[in-house]
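See below for the structure under consideration.
The values are calculated or read from the model by the stated rules, or taken from the named source; none is laboratory data. These numbers were taken from a predicted model, which means no experiment stands behind them. For neighbour counting, all protein chains shown are included, and Cβ atoms are generated from backbone atoms with ideal geometry for every residue, glycine included. Note: accessible area is taken over every heavy atom of the protein model, side chains too, but ligands, DNA and RNA are not part of it. Shrake-Rupley method; radii C 1.70, N 1.55, O 1.52, S 1.80 Å.
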Amino acid sequence: MAPADVRSWRRINAASRGRSLTPQEWEVLDRIRPPQKYPVGPPVATPYWGSIAMLPVAQLYVRDVPGLPTPEGADLLQVLWCPFDHPMMPRTKLFWRSDASVTDILDTPPDPPATQFDGYVPEPCLLRPEQVTEYPDHLELSKELRGQIENWSPWEIAEEGECPWFAHGEPDGQPPAGFDPVTPTAVQIGRGYAQQLYVCPAAPEHPHIELMH
């Protein structure tokens, strides 16, 4: 499905919550996803050969991300990806740039001709980075300590204070229009996995590592 069709599908479904679809909306949805005929063919499973446009995933400014290591002269990180599995998740590309050098901005960035999955088309979302304390994986802990932690529930932790992995609310207590607290970016890797990128802190321009977790 083309990224523009994915966005139209989401927009119509969000606008029609709590009401029936209009004939015009049904027409658009049927065009995007025609009724399936049996036997159902497999989805697009292999990347396009040749060069295609990559989709923007994230844009991070050093001023907003404390401790973000950057190459000399760079204060902006742009993350793009190819919306096909390579071999089991999108392939990412990192661009370290100087904010002052970004002058020729496209009003409408180019889209690839298709995507393998709807979840590979990100929705615009404002990110508010914050520093957190990272603890060891539970498998690195002793058996005794691991048993104590497994007996805790998120609700017991929340009763003692703010639970660090619960989403923060908006200043006025109301979520933004169209905000999905589960997947605000509409991105889904596999069946709910996370795609993690790791860069060399001494030389961020070195090739990065991608992991699915």
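Sub-6 Å Cβ pairs linking a first residue in the range 76-87 that is open to solvent by 30 Å² or more (accessible area, probe 1.4 Å) to a second residue that is of a type in the set (Lys, Arg) and in a strand (DSSP E or B), at least 6 apart or interchain, are 80/93, ordered by first then second residue. Only a single criterion out of (1) modelled with pLDDT of 90 or more; (2) surrounded by 12 or more Cβ atoms within 10 Å (Cβ to Cβ) is not satisfied by residue 157, namely (1).
Of all the residues in the range 28-53, those that are of a type outside the set (Lys, Arg), at pLDDT 90 or above and open to solvent by 60 Å² or more (accessible area, probe 1.4 Å) number 1. Restricting attention to the range 99-117, the residues that are open to solvent by less than 50 Å² (accessible area, probe 1.4 Å), of a type in the set (A, V, I, L, M, F, W, C) and over 26 Å from residue 74 (Cβ atoms) total 1. Here the range 118-150 is the region considered, the condition is being at pLDDT 85 or above, over 24 Å from residue 60 (Cβ atoms) and not acidic (Asp, Glu), and the residue that is most open to solvent (accessible area, probe 1.4 Å) is 143.
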